[in-house]
Amino acid sequence: MAPPPTLLCRARARVIGGLLLAALAPGLAGAQLTYQLAGGADGWPADKRAAIVSAMDAAVALYNSYGHFPRNLTANYNASVPTAQASYSGWIDFGGSISTRVALHEISHTLGIGTYSGWDPFLSGGAWTGVHALARVRVFDGPAGTLNGDTAHFWPYGLNYDNEDSTVNRQRHIKMVSAFRRDMGLVADSDGDGLPDDWEQFRFKGLGQTGAGDFDADGTNNLAEYNADADPAQAFSFTWKGGAGAWDTAATNWTGAATRWRNGGNDLAVFGGSA
């Protein structure tokens, strides 16, 4: 069902033709989504300031837990705003609605949802036609899953209303935002390996992996894990065979996950017996 006209959240100030892209380009590997309070925050009502800080702390932590969004945002309190609103510039106005769900939703606008000029071309009759976001929603909802939107919002997983909020839906919302950004060209695949750069940065802390690689040696390549919304960097346990030997990535001194130490992820090295 489409959000009704009573939805008052407004996505403001669209960027046309990518004019702000240079200023908002992704930062260094490991960069995180961050925020600051707008000037004059000391003069806000104390309860409003505390609510905004709580909501933004939680929402930003969630975005950083499930994706790579190297942006700095500004959160403001504006009593004249009926609910909340945000723009691609990174500015968020909280008014009558302040919560983690609202903050997650408004952050999506700062990342291009309904605010970037590449949004509308992918809407046809209220349906989203971009292949990456459509593929992602079908991972969540099955092969018949559909994805809809209007000039400022998407659903499912848009967190447009409180009744859409849940732990799972928050995670899916963030992953959908990543997929929308790839459709709109805001995220590149700069090394042409089928893996979007933001996902590689998030999962591998760099662009050194390939789609055909199998970082966690589980028999499923990185591209297949991306397509399935799986973790391509899960940790494994390696057990030393015993005796003297070199701990390197060449010697076959291990049992368990593999015979060679892969030197990646958060793997556990297990030693026993005599030194």
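Placing +1 on the Cβ of every Lys and Arg and -1 on the Cβ of every Asp and Glu, with nothing else charged, gives the stretch 134-173 a dipole about its Cα centre of roughly 240 debye.
Once R0 is set to 45 Å, what does the formula 1/(1 + (r/R0)^6) return for the Cβ-Cβ distance between Thr255 and Tyr161, expressed as a FRET efficiency to the nearest 0.05? Walk me through the numbers before you get to the answer.
Details: r = 52 Å, r/R0 = 1.16.
So, using R0 = 45 Å, E works out to roughly 0.30.
Most simply put, the stretch 49-127 has about 50% antiparallel DSSP beta bridges, counting only bridges with both residues inside it.
The mean sequence distance of close C-alpha pairs (under 8 Å, at least 6 residues apart), as a share of the length of the stretch 138-265, puts its relative contact order at 12 percent. Computed over the stretch 147-275, the percent of Cα pairs more than 22 Å apart is 52. Binning all Cα-Cα separations of the chain at 5 Å, short to long from zero, yields these whole-percent fractions: 1, 5, 12, 15, 16, 14, 11, 8, 6, 5, 4, 2, 1, 0, 0. Taking θ as phi - 60° and the Karplus parameters 6.51, -1.76 and 1.60, the scalar couplings of the stretch 153-161 work out to 9, 9, 7, x, 6, x, 6, 6, 9 Hz in sequence order, x denoting glycine and proline.
Put a dot 7 Å past the Cα of Leu268, heading toward its Cβ, do the same for Gln234, and the two dots end up 1.4 nm apart.
Have a look at the DSSP beta bridges in the chain and tell me what percent are antiparallel, nearest 5. Walk me through the intermediate numbers first.
Numbers: 11 of 26 bridges.
Antiparallel: roughly 40 percent of the beta bridges in the chain.
Quickly estimate the mean residue ellipticity at 222 nm for the chain, helices only: each DSSP H run with n ≥ 4 gives -39500 (n - 2.57), and the total goes over all residues, rounded to 500. Don't skip to the end; give the middle numbers.
Numbers: 6 runs with 74 residues, N = 275.
One gets -8500 deg cm²/dmol as the mean residue ellipticity at 222 nm.
Each Cα pair under 8 Å and six or more residues apart adds its separation to the average, and for the chain the resulting relative contact order is 14 percent. Cα centroids of the stretch 151-202 and the stretch 32-89: 19 Å apart. For the chain, modelled as a GNM whose springs connect Cα atoms under 10 angstrom apart, the maximal fluctuation among Thr146, Thr210, Thr167 occurs at Thr167.
Any chance you could run the full-extension gain for Phe140 through Asn78? It's 0.36 nm times the residue separation minus the Cα-Cα distance, nm to one decimal. Write out the running numbers ahead of the final one.
On the way: separation 62, 0.36 × 62 = 22.32 nm, distance 3.59 nm.
Roughly 18.7 nm would be gained on extension.
Between Trp247 and Asn227, the FRET efficiency from the beta-carbon distance, with R0 = 45 Å, is close to 0.85.
Pull up the cross-link candidates among the aspartates and glutamates for Lys175, meaning alpha carbon to alpha carbon under 16 Å and not fewer than 8 places away within one chain. Hits, sequence-local ones excluded: Glu106, Asp141, Glu164, Asp165, Asp183, Asp197, Asp198, Glu200, Glu225, Asp229, Asp231.
Give the residues of the stretch 112-141 whose amide nitrogen is closer than 11 Å to a point set 7 Å from the Cα of Asp189 in the direction of its Cβ. Label zone hits: 132. Against the chain, whose longest principal axis is taken from its Cα atoms, helix 131-141 shows a tilt of about 80°.
For the stretch 138-275, the antiparallel share of DSSP beta bridges with both residues in that region comes to about 60%.
Rule-based calculations on the coordinates, nothing more; no lab input. Treat the numbers as computed from the prediction; the structure is a model and nothing was measured. Cβ sites come from the backbone with ideal geometry, for glycine too, and all protein chains shown count toward neighbours.
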